[in-house]
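The structure appears right after this line, and notes come after that.
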Amino acid sequence: MALAVDYEKQGIWVESEKLFKEVVFARRSPLGNEHPDTMTSMANLASTFWNQGWWKEAEELEVQVMETSKKKLGADHPSTLTSMANLASTYRNQGRRKEAEELFLRVIETRQKVLGEAHPSTLTTMNNLALVLDSQGKYEEAESMHRQTLATSEKVLGPEHPDTLTSVYCLAQLCASGHRYEESTALYKEHALDTMPLLGRIIQLPAHVANNIYRCVRIKTRTLAFLQSFRAVAYAMNQDCHEGSRRWGFGVQRITYNGEINCAIS
């Protein structure tokens with residue numbers, strides 16, 4: 001089990017999948033499908049499928065885990081809510097946006113009630129819902145939710161917390177997708193994402209978020225000092241990557257091209 005988890009963290013999906021399958025099989029026989037240890041292994045295997053883009057296989061396991069968790073732990077239990085959020089993310093990646101929206105809404109409503117509106121898990125789900133709304137063309141709703149999430153995150157976690165910076169990124173991306181480039185750039189500047197001192201903190205963000213922050217900021221900066229600093233950050237991200245990056249399976253590598261540093265996402 002521990003080795004499978006290590007493989008997953010390193011993005012070695014094939015080996016991780018193989019080991020998790022063995023663990024699930026070994027636990028199902030003596031413990032049954034509804035035992036907590038079996039459910040944990042099934043959720044881990046689903047995560048491995050998810051990281052490889054095998055949405056159907058991931059969905060099948062996630063539905064089983066969610067339904068069992070509801071039955072054994074209750075609909076409001078944190079583990080149940082996590083399984084629901086995972087399934088909603090799978091729906092989103094399958095293009096089933098309406099189903100994803102409905103499920104994310106249920107998770108948000110329950111997390112707000114159980115954990116509170118300012119809990120990091122609640123805020124993360126709100127950002128995810130906003131992304132789904134954006135993908136459906138519900139831009140005003142998406143922007144409103146992103147701004148609400150950002151304001152709460154700044155107040156509770158602080159302006160330089162990784163979750164706050166992720167919210168900045170989400171809102172800035174929404175502005176950019178609406179061709180509101182000045183607003184997008186202003187958000188990055190307002191939160192000091194175009195300055196040297198904060199680059200070290202970008203390492204704490206999911207790799208795909210840090211990569212896009214870099215791409216947006218470098219358009220305005222294009223300074224050698226910034227590029228050199230980002231080189232160090234990109235290298236460090238391979239050594240100590242945010243947990244969200246591991247789930248997505250992103251690895252940040254350094255590539256020198258025409259004197260600039262680009263983040264390659266594998």
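Can you pick out the pairs among LYS21/LYS56; LYS98/LYS155; LYS21/LYS98; LYS18/LYS56 whose Cα atoms lie more than 20 Å from each other? Among LYS21/LYS56; LYS98/LYS155; LYS21/LYS98; LYS18/LYS56, the Cα-Cα distance tops 20 Å for LYS98/LYS155; LYS21/LYS98. The base-10 log of I(q)/I(0) for segment 26-169, evaluated at q = 0.13, 0.19, 0.21 Å⁻¹, reads -0.61, -1.13, -1.26 [Debye formula, identical scatterers on Cα atoms, solvent excluded].
Taking Cβ atoms as reference points and 14 Å as the exclusive limit, the residues near ASN127 contribute a net charge of -4, counting Lys and Arg as +1 and Asp and Glu as -1.
Shown is the FRET efficiency for LYS113 and THR40, computed with R0 = 25 Å from the Cβ-Cβ distance and rounded to the nearest 0.05: 0.50.
The residues packed around ILE108, meaning those with a beta-carbon under 14 Å from its beta-carbon, carry a net charge of -3 if Lys and Arg are +1 and Asp and Glu are -1.
Annotation for LYS155 and GLU60: the two label points, set 7 Å from Cα along the Cα-Cβ direction, are 4.6 nm apart. Neighbours of ARG92 by Cβ distance under 10 Å: Lys/Arg scored +1, Asp/Glu scored -1, total 0. Here the simple spin-label model places points 7 Å from the Cα toward Cβ, and for GLN136 and ARG106 these points are separated by 1.5 nm.
Read-outs throughout are calculated quantities, based only on the coordinates presented, and are distinct from any laboratory measurement. Please read these numbers as outputs of a predicted model, since none were measured by experiment. With ideal geometry, Cβ positions are generated from the backbone for all residues, glycine too; neighbour counts draw on all protein chains shown.
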